[in-house]
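Presented below is the structure to which this report refers.
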Amino acid sequence: MRTKFTKSILRHIVIGIVLSVLNLLLAGNLMPANPASAQQPVYNTAFLTDAQLENYNSMNTDQIRTFLSSYNSYFRQPIQDVDGQTFDPPAVIAQTAIQYRVNPKVILATLEKESNGVTRTTRPSDNTMRFLMGCVSPSTARQQITCAAERLRAYHDQLTNTGSTVSGWQVGVPKTTQDGVTVTPATKAVAGQFAYTPYAGVRWGGNQPSVGGVFLFYHAWSRFGFGNSTSCAAGQYRAEYYNDRSLSGSPTFTRCEGSINYDWGGSPGNGVGDDNFSVRWTGRHYFRKGNYTFIARADDGIRVWVDGSLIIDAWRDQAPTEYRAKRSLSAGEHEIKVEFYENSGGAVAQVGWEQASITCPIYRNRSLSGSPTFMQCEN
Ligand SMILES: [Ca+2]
Ligand SMILES: [Ca+2]
C-alpha cells in the first residue's frame, strides 16, 4: 500500500513539476516565446509577490527599530504625534502588520515612498505627519500607518475574493495609470500597489513630472534589500526550516526547493534535529485553468493553503496519512503554502496536485529536453 501510494504521490508531484516547467516555458520565463517578455518593464513584473506582501511577521518591533536606526530615522523611537500623544513607530508598525497580515517591510517601504520616513532624520511638518502614508485623508501619523496596512489588506482581499480591486486593478489585465502608463500587474500585491497609488511615476514613464508614483515604492523596496531575502523563482518554494514544532522565531535555514517530497529517515540536516522541527513552504506555481485535486501525505502535522485559503488542515501527531482537497483554479500563478511539523519518530511531508482532466498531447507535442521519459497520461 505504502509503495503504491508513494508512487502515486510521486506521479502527482512529477505532474505538478512538469506542468510548472511546461507552463514556465509557455509563459516565456525560461525560453521566451515572446521576445518582448524578456525586457518587460519592471512595473509588469512580480517586483512584489503575494507571499512577500503577506509575510506579516518578517520583522518584530526590535528588528524594525534596528532597521530604522540604521538610517538614523526620526521614526526609530517614541515621538509625539500631531494630537499630542506619544507613540512608538516601530511598535505601531509591528502591531499593525500582524493585525492586517501585511509585511512590515511593505509598511516601511510605503513610509519611505510617501514621506521619506525611513531616511528622514528630523521631524517633518505637521502636515506631512497628518498625511504620513498618503492614506485617504489627513489624520495622525499612527492612524496613517494603520490606514495604509488596512488599505493594502483590503485590496488584497478584494483581489482574492472578486478578482479585482474596487478601482478595477486586476492581475494580468492591462490598465492605464492616471499618469498615462499602461500596467499589467503580475501579482495581487502589485495590483494592490497600483490601487493604493494609481500613478506609475515619472521614472517609469509617467506624464506628470512631479509624481513619483509606485516607482518610489519599488525603489525603496529594492534599496532596502527587502525583495532579495524571500524570493524564489516561480515554480519553486521558499522553504523555511525551524528547530521547533511551531514555526516560531527565525528559521534555522532557508532555501528554494522545487518540490515537497520528503520521507526523512532522520534530520533534514543543516542544524535541524531528527525530531521537533517544522517547515513552511511558500511558492507561486503556474496552473492551467481547471479543477485540481491537492494531495498531501504527512507524519506528523500538515496544513495546505491555496491563495490564502486553508484547504487541508491536519495539524496533529499522526502516522503517515493522506489528505485530498479539490480546488478550481483560474489560469495563471497561484500561491501554494504548506506548513508541516514533526514531533518524533518518522517524518513524512509530501504535497502535490493533479488536474482533473489532463490533455496528454500537450506533453507529447512539446520538446522538453531532459524531461522525464516516465511521464505518462494516467487519466
Ligand atoms: Ca523524527
Ligand atoms: Ca513523526
Subject >> Phi-based couplings in Hz for segment 274-281 (Karplus 6.51, -1.76, 1.60; Gly and Pro marked x) >> reply: 5, 10, 6, 9, 8, 9, 10, 10
Subject >> Label-to-label distance, nm, for residues given as Asp62 and Asp317 (7 Å Cα→Cβ offset) >> reply: 3.2 nm
**OP:** Let me have the relative contact order for segment 222-292, percent, based on Cα pairs under 8 Å that are six or more residues apart.
**Re:** 38 percent
**OP:** May I ask you to sort Val102, Val118 by Cβ crowding, counting other Cβ atoms within 10 Å and putting the fewest first?
**Re:** Val118, Val102
Original post:
Over 20 Å between Cα atoms, which of Lys105/Lys188; Lys113/Lys175; Lys188/Lys337; Lys113/Lys337 qualify?
Top reply: Lys113/Lys175; Lys113/Lys337
Original post:
With no solvent and one point on each alpha carbon, what is the Debye value of log10 I(q)/I(0) for segment 42-223 at q = 0.14 Å⁻¹?
Top reply: -0.71
Original post:
If amide H atoms are built 1.01 Å from N in the plane of the peptide, which residues on other chains or at least 5 residues away come under 5 Å of the amide H of Trp169?
Top reply: none
Original post:
Taking H as built 1.01 Å from N, whose amide H comes closer than 5 Å to the amide H of Glu333, not counting residues under 5 places away?
Top reply: Phe287
Subject >> Ordering of 104-112, 57-65 by burial proxy (mean other Cβ atoms within 10 Å per residue, highest first) >> reply: 104-112, 57-65
Original post:
What is the set of long-range amide H partners of Thr177 at a cut-off below 5 Å, with H atoms built 1.01 Å from backbone N?
Top reply: Thr182, Val183
Subject >> Estimated vicinal HN-Hα couplings, Hz - segment 179-185 in sequence order (Karplus 6.51, -1.76, 1.60; Gly, Pro = x) >> reply: 10, x, 10, 8, 10, 10, x
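Each reported figure results from applying straightforward, stated rules to the coordinates on display, with no laboratory input. The model shown is predicted, which means the values in this text are computed figures rather than measured ones. Note that each Cβ is placed from the backbone with ideal geometry, even for glycine, and that neighbours are counted across all protein chains shown.
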